Ligand code: CS2
């Protein structure tokens, strides 16, 4: 089969092989600027938006994708070369692949190359929404102080160089300032990251920054910018070389960076868009007045469930999440964690059948075709732990509920941070706090609680005697007998 490079020129030939956008992309205006064009955005919001644009009446909601960091150079170059097009490969449960070319990213910008262009785009009158996937750590929130972290060198840089920012806060501030100065309308800033109250978090962190960077803008933001909360969900592993080769082989599409994901998707959004929004509900998103319970459920069951499987699985020597969840002992442990420690903290989830939800998670985690990497799941655990697991521990401690399994997972993380699995093989730790985690992990061999001293992660958890006791016991147990033997015992307790 003739190999076709994915780009606008070849799109009609490619449409004979896989589904392609039915709309004329050159007629689509940019209504959304999205920051962070990694796999998740392209499997989720860009996918929903592509579905929406298939309706020929919808013309105002194209996406301008912004790559914010130097780290994003490769993805930016790829998308630029492919005219913003990429293939989404859905790995179905039966092992088949559903492929389609997504066209909703109609423009791309690389912030480090031309910051002013990005600021101008965000300030342009046709843009009504700025959406973000900047990762949990990107919000610059310090768990210990519960405040915006002004000590971050990048924030120090942005305060000194407002026209050449490096962080999202610098960009948003400059863009909103321009909108205010030019008498333009405000817009919506919508987080698509896994954070409880992600809209509130975005608003609070931005207002903290603005109070220092441009105090006269505060009032205007309060009146003219909305920050809806949202729960986002679709498991999107890192694309592998095999995925790229397979697409070329089977469909003859030469796509340098397709996106792979699971069939499941969910997007629950608070309907709070000050300058209008796409009718994403027509393509499966849910608009609700209060998204909090959905967020809490997803973060503390799905995301925390991932961390449980990732940390325990990594120590045993597994590479993918399905291997971990298909180990019956680890699966039972996760089940117990969800039922005994998380469920009591969730309160009333009207209209949701929690048992079905938990069951569906086990099925999704177990999808052997997805091959979701444990390295991906364990990456940046220092930013994930305070969001995915700590709230469960805090609620349970308050209610005198069990925290035994969460303490076990925390101890597993301390041992994981030594950098070797139980077979002595090196672990690929990817974490902004890698050095600190490793130093504390080494001290923890003699004194396990040393690991809990990282207060930007654990806050004051080390002052809870109940937690510290369970954690220390679990630490020693894992160190002496290994994950699997311990997990078996925990399951029988
Ligand atoms: C994962 C998430 O990063 C993680 O640890 O739990 O990326 C997860 O796959 C997504 O939130 C699924 O919606």
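A compact table of results
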| read-out | value |
| --- | --- |
| Boolean, residue 415 is modelled with pLDDT of 95 or more, surrounded by 20 or more Cβ atoms within 10 Å (Cβ to Cβ) and more than 16 Å from the ligand (Cβ to nearest atom) | yes |
| Segment 191-205, subset away from the ligand (no atom under 12 Å from the Cβ) and touching a strand residue (DSSP E or B) at 6+ places or on another chain (Cβ under 7 Å), residue nearest to residue 259 (Cα to Cα) | 191 |
| Residue 332, sole failed condition from (1) within 14 Å of the ligand (Cβ to nearest atom); (2) assigned to a helix (DSSP H, G or I); (3) at pLDDT 95 or above | (1) |
| Filtered residues of segment 286-298 (kept if away from the ligand (no atom under 15 Å from the Cβ) and assigned to a loop (DSSP other than H, G, I, E, B)) | 289, 290 |
| Residue count for segment 306-318, restricted to those that are surrounded by fewer than 24 Cβ atoms within 10 Å (Cβ to Cβ) and within 13 Å of the ligand (Cβ to nearest atom) | 1 |
| Condition met for residue 346 (more than 20 Å from residue 235 (Cβ to Cβ) and either touching a residue at least 24 places away in the same chain (Cβ under 8 Å) or more than 16 Å from the ligand (Cβ to nearest atom) (or both)) | yes |
| Of all residues making up segment 273-285, the number that are more than 15 Å from the ligand (Cβ to nearest atom) and either under 27 Å from residue 368 (Cα atoms) or not in a loop (DSSP other than H, G, I, E, B) (or both) | 4 |
| Members of segment 218-238 that are surrounded by fewer than 15 Cβ atoms within 10 Å (Cβ to Cβ) and in contact with a helix residue (DSSP H, G or I) (Cβ under 7 Å, 6 or more places away or on another chain) | 218 |
| So residue 410, is it in contact (Cβ under 8 Å) with a residue 40 or more places away in the chain and touching a helix residue (DSSP H, G or I) at 6+ places or on another chain (Cβ under 7 Å) | yes |
| Residues (within 24 Å of residue 364 (Cβ to Cβ) and crowded, with 19+ Cβ neighbours inside 10 Å) located in segment 245-256 | 247 |
| Single condition residue 431 does not satisfy, out of (1) surrounded by fewer than 18 Cβ atoms within 10 Å (Cβ to Cβ); (2) in a loop (DSSP other than H, G, I, E, B) | (1) |
| Boolean, residue 301 is within 14 Å of the ligand (Cβ to nearest atom), buried (at least 16 other Cβ atoms within 10 Å of the Cβ), part of a helix (DSSP H, G or I) and at pLDDT 95 or above | yes |
| Selected residue (only one of 14, 32 is touching a strand residue (DSSP E or B) at 6+ places or on another chain (Cβ under 6 Å), within 21 Å of residue 284 (Cα to Cα) and more than 16 Å from the ligand (Cβ to nearest atom)) | 32 |
| Residue 215, sole failed condition from (1) under 21 Å from residue 167 (Cα atoms); (2) in contact with a helix residue (DSSP H, G or I) (Cβ under 9 Å, 6 or more places away or on another chain); (3) surrounded by fewer than 19 Cβ atoms within 10 Å (Cβ to Cβ) | (2) |
| Scope segment 349-373; condition more than 10 Å from the ligand (Cβ to nearest atom) and closer than 21 Å to residue 417 by Cα; matching residues | 373 |
| In segment 383-405, the residues that are within 16 Å of the ligand (Cβ to nearest atom), in contact with a helix residue (DSSP H, G or I) (Cβ under 6 Å, 6 or more places away or on another chain) and under 18 Å from residue 475 (Cβ atoms) | 385, 389 |
| Subset of segment 319-329 (residues that are within 15 Å of residue 370 (Cα to Cα) and either away from the ligand (no atom under 13 Å from the Cβ) or in a helix (DSSP H, G or I) (or both)) | 319, 321, 322, 323, 324, 325, 326 |
| Residue check for residue 408: within 15 Å of the ligand (Cβ to nearest atom) and within 30 Å of residue 448 (Cβ to Cβ) | no |
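Every residue, every condition in (1) within 28 Å of residue 275 (Cα to Cα); (2) free of Cβ contacts under 8 Å to residues at least 60 places away in the same chain, yes or no:
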position: 60; (1), (2): yes, no
position: 65; (1), (2): yes, yes
position: 71; (1), (2): no, yes
position: 80; (1), (2): no, yes
position: 89; (1), (2): no, no
position: 99; (1), (2): no, no
position: 113; (1), (2): no, yes
position: 119; (1), (2): yes, yes
position: 136; (1), (2): yes, no
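Every residue, every condition in (1) outside any helix (DSSP H, G or I); (2) surrounded by fewer than 18 Cβ atoms within 10 Å (Cβ to Cβ), yes or no:
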position	(1), (2)
22	yes, yes
26	no, yes
32	yes, no
37	yes, no
41	no, no
46	no, no
50	no, no
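The values are calculated or read from the model by the stated rules, or taken from the named source; none is laboratory data. The structure presented is a predicted model; accordingly, all values stated were derived computationally and were not measured. Cβ sites come from the backbone with ideal geometry, for glycine too, and all protein chains shown count toward neighbours.
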